[in-house]
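See structure below.
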Amino acid sequence: MASSPNSTAPARERAAPSFYNLAWRWHFYAGLFVIPFMILLSVTGMIYLFKPQLDAWMYADLMQVPVAEQRLSADQQLAIVREAYPQAAVSKYLPPAAPDRSAQFVINQDGRDLNLFVDPYSGSILGTQDALWNLQAAARKLHGDLLIGTVGDRLIELAAGWGIVLVVSGLYLWWPRGSSGAGVLWPRLSARGRLWWRDLHAVTGFWGSALLLFMLLTGMTWTGYWGAQFAGAWNHFPAAMWDDVPKSGQLTGSLNSSSQQTVAWAVEVTPLPASDPHAAHLGHAGHSAPATSASLLQHVVDTAAERGVQPGYSISLPKGEQGVYTVALFADDPRNDATLHFDQYSGAVLADVRWQDYGLVAKTVETGVMLHEGKLFGLANQLLMAAVCLLIIFSSVSGLVIWWKRRPAGRLGVPPLRHDLPRWKTAIGVMIALGVIFPLVGASLLLVWALDVLLGLWRRQFAANTRSA
């Protein structure tokens, strides 16, 4: 007997749900991959957020000194370090950021990088610290590349890109489909079980979605693949700035590493100048050279002060015959950023890049990065970003709880792929756009889609074989 239209309609509805189900599948896939990374990034991010307070508490004996009348010159401090560590290579000098702060050198001793702290008044060496395995450096390196280099950087970039997919698909799932604000704009606290967790996950995710996207997007600018492409496309400086400057063939960004930020993002793609061994004899119009090569480090410090570079900067020492001194201030307020390169023989300033030289995109990104790192407006900024980190951890944990409570017994709990997709064009368009903007996400989307199709074919074949048996 043929079924009546009324009897078949419910069956069609059950067999053909909306795009909501497919969005949940992508949300699930993204969450399954992203959650471990998001928890790790949030924990390490909170550690790095409070670096100033933690450093002052943990390393007070290394960082704080009594103020005296006479301070040793930078070159005298360098001579003391070289006498104490004759076999070490000195790579960086950080002048005291305040009268009661120590000076710091970064040296390589027997293949190990050390932070060495010096009393700038007495010249006594206060102690050393492993430059790679102290709390802050390890947290930053975990945050940047999982301690495994390029592969870790790409995984972090992929997780951040999928995190953006997670927020977008989460907003689709959250989008109100009824008239009540309960469970949408505020959680139903009287609910129990999975519904209670679902409300907390969805509502907090909605109210925090803008901050979550901000954190993910600003973090993406530092990634090794997408971030490098983005910087290359948008960070442009007048070519005339480099016309008369000998270039080393390297970029200024080579001074950065995953464990240590030296120069600002905006200047990473600028050429790294080269020193001219004959420059001290030829002279440089408009530049005053030091009397002897032995006074160069103090000359760099003095010139930085004359040019208005604020305290807190570092000086990277030359590497090789063509290396340069680089003064770099990656300032809490990016308007104070400074990057200066000095010829190692003459002391001449080869380049001086400041905030006013940045383009609009570079200024926007630098401001966003300082907000991301909790530096732009002090403790309030730190607390706000810490709250976002806690929100990410809560969203990750609540998402896992929801999945655990929802999963079918013995299965992962991913609903089967459906084919009747109202508004699917807009949603698929957004997914394609994200895949194009973030290529690693796009490649992984194609891979997951292919696996999803193959899994669906296998399930249907398995079900057909079971019925025929």
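The values are calculated or read from the model by the stated rules, or taken from the named source; none is laboratory data. Remember, predicted model here, so these are calculated numbers, not experimental data. As a convention, Cβ positions derive from the backbone with ideal geometry for all residues, glycine included, and neighbour counts pool all protein chains shown. Keep in mind that these areas ignore ligands, DNA and RNA; they rest on the heavy atoms of the full protein, side chains included. Shrake-Rupley method; radii C 1.70, N 1.55, O 1.52, S 1.80 Å.
Within the stretch 350-371, one or more residues are buried (at least 20 other Cβ atoms within 10 Å of the Cβ), touching a helix residue (DSSP H, G or I) at 6+ places or on another chain (Cβ under 8 Å) and without any contact (Cβ under 8 Å) to a residue 60 or more places away in the chain. When restricted to residues that are part of a loop (DSSP other than H, G, I, E, B), open to solvent by less than 10 Å² (accessible area, probe 1.4 Å) and among the polar types (S, T, N, Q), the stretch 236-271 contains 2.
Looking only at the stretch 39-68, filter to residues that are free of Cβ contacts under 8 Å to residues at least 60 places away in the same chain and in a helix (DSSP H, G or I); which one of those is most open to solvent (accessible area, probe 1.4 Å)?
Among those that are free of Cβ contacts under 8 Å to residues at least 60 places away in the same chain and in a helix (DSSP H, G or I), it is TRP57.
Look through the stretch 157-183, keep the residues that are open to solvent by 50 Å² or more (accessible area, probe 1.4 Å) and assigned to a loop (DSSP other than H, G, I, E, B), and return whichever of them is modelled with the lowest pLDDT. Step by step, filter the stretch 157-183, then rank; the result is SER179.
Taken over the stretch 116-128, residues that are part of a strand (DSSP E or B) and touching a residue at least 40 places away in the same chain (Cβ under 8 Å) amount to 5. Residue-level analysis places LEU383 outside the set of residues that are open to solvent by 20 Å² or more (accessible area, probe 1.4 Å) and either modelled with pLDDT under 90 or over 27 Å from THR221 (Cβ atoms) (or both).
Scanning the stretch 448-462 for residues that are of a type in the set (D, E, K, R) and open to solvent by less than 90 Å² (accessible area, probe 1.4 Å) returns a single hit, ASP452.
In the stretch 419-469, what residues are among the small types (Gly, Ala, Ser), at pLDDT 75 or above and within 30 Å of PHE230 (Cα to Cα)? Correct list: GLY429, ALA433, GLY435, GLY442, ALA443, SER444, ALA450. When restricted to residues that are out of contact with any Ser or Thr (no Cβ under 7 Å at 6 or more places or on another chain) and in a loop (DSSP other than H, G, I, E, B), the stretch 69-108 contains 15. Taking first residues from the stretch 296-319 that are farther than 9 Å from PRO95 by Cβ and partners that are of a type in the set (S, T, N, Q), the Cβ contacts under 6 Å between residues at least 6 apart in sequence or on separate chains come to GLN298/SER73; GLN310/ASN336; SER316/THR326; LEU317/SER91; PRO318/GLN344.
Would you confirm whether any residue within the stretch 129-151 is touching a residue at least 12 places away in the same chain (Cβ under 8 Å), in a loop (DSSP other than H, G, I, E, B) and more than 30 Å from ILE35 (Cα to Cα)? For the stretch 129-151, residues touching a residue at least 12 places away in the same chain (Cβ under 8 Å), in a loop (DSSP other than H, G, I, E, B) and more than 30 Å from ILE35 (Cα to Cα): absent. Residue pairs whose Cβ atoms lie under 9 Å apart, separated by 6 or more positions or on different chains, with the first residue in the stretch 452-469 and within 21 Å of PHE28 (Cα to Cα) and the second surrounded by 10 or more Cβ atoms within 10 Å (Cβ to Cβ) and aromatic (Phe, Trp, Tyr), are ASP452/TYR29.
The single residue among LEU189, LEU171, LEU116, LEU158 that is touching a strand residue (DSSP E or B) at 6+ places or on another chain (Cβ under 8 Å) and of a type outside the set (S, T, N, Q) turns out to be LEU116.
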